[in-house]
Amino acid sequence: MKRLIVSVLALASAVYAADTVYKSIGPDGRVIYSQTVPVNQPVEKTLRFENLPASPLPESVVRYREELEKGMKDHVAAATQTPRRIPALFIAQWCGYCKQAKRYLTDKKIAYTEYDIDTQAGVRALTATNPGKGGIPVLIAEGKRLTGFSVAAYDAFFKQTPR
């Protein structure tokens with residue numbers, strides 16, 4: 001058993017260090033793996049290891065990845081342009097303060113774009129707006145940002161931000 005372990009370790013180190021490994025049988029009947037061609041014994045087997053790249057991606061996957069990257073660049077560029085005229089509200093369906101913020105905007109008849117941060121599109125949109133510190137809801141309008149919800153804070157926010 002010990003010989004087997006030593007042989008496997010020798011083979012593993014040979015594979016790691018060399019591109020070609022030679023297998024031969026010694027005069028005593030032992031199997032010998034070597035990185036050099038044996039001088040006195042015939043080579044029983046030659047193992048060639050090539051460090052090849054992984055299988056190439058299918059063309060459809062490459063095109064899809066390029067489309068995703070382009071879409072993300074376009075999305076980030078659009079988000080970083082001039083300040084938004086219509087407020088963006090980043091929410092989560094499970095968040096009580098988010099529901100209060102939505103109710104506030106609806107009651108005041110303030111149009112807004114809603115992003116659910118539990119979706120990929122919502123996370124991407126929030127990330128593109130330089131999210132800063134955590135917390136939801138996040139309201140962004142005219143380059144200003146408000147995290148959290150209180151009626152007083154929203155009233156003050158919209159007094160400073162013309163609609």
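Count, please, the residues in segment 114-139 that happen to be closer than 23 Å to Lys73 by Cβ and at pLDDT 90 or above. Before you say what the answer is, go through the steps one by one.
Of the residues in segment 114-139, the ones closer than 23 Å to Lys73 by Cβ are 115-117, 119-132, 138.
Within this subset, residues satisfying the condition of being at pLDDT 90 or above are 115-116, 138.
Going through segment 114-139 one residue at a time, the tally reaches 3.
When both residues are 6+ apart or on different chains and their Cβ atoms are under 9 Å apart, which pairs have a first residue that lies in segment 24-41 and is without any contact (Cβ under 8 Å) to a residue 12 or more places away in the chain and surrounded by 11 or more Cβ atoms within 10 Å (Cβ to Cβ), and a second that is hydrophobic (A, V, I, L, M, F, W, C) and not in a loop (DSSP other than H, G, I, E, B)?
Ile32/Ala10; Ile32/Ile25
Considering segment 37-71 alone, what residues qualify as being of a type in the set (Ser, Thr, Tyr) and at pLDDT 85 or above? Break it down stepwise before answering.
So the first thing to find is which residues in segment 37-71 are of a type in the set (Ser, Thr, Tyr), and the list is 46, 55, 60, 64.
The answer is Ser60, Tyr64.
Can you tell me which residues in segment 87-101 are surrounded by fewer than 21 Cβ atoms within 10 Å (Cβ to Cβ) and hydrophobic (A, V, I, L, M, F, W, C)? Walk me through how you get there before you give the answer.
First, pick out the residues of segment 87-101 that are surrounded by fewer than 21 Cβ atoms within 10 Å (Cβ to Cβ): 88, 92-97, 99-100.
Those that are surrounded by fewer than 21 Cβ atoms within 10 Å (Cβ to Cβ) and hydrophobic (A, V, I, L, M, F, W, C): Ala88, Ala92, Trp94, Cys95.
The values are calculated or read from the model by the stated rules, or taken from the named source; none is laboratory data. What you see is a predicted model, and the numbers here were worked out from it, not measured in a lab. Please note: Cβ atoms are built from the backbone with ideal geometry, for glycine as well, and neighbour counts cover all protein chains shown.
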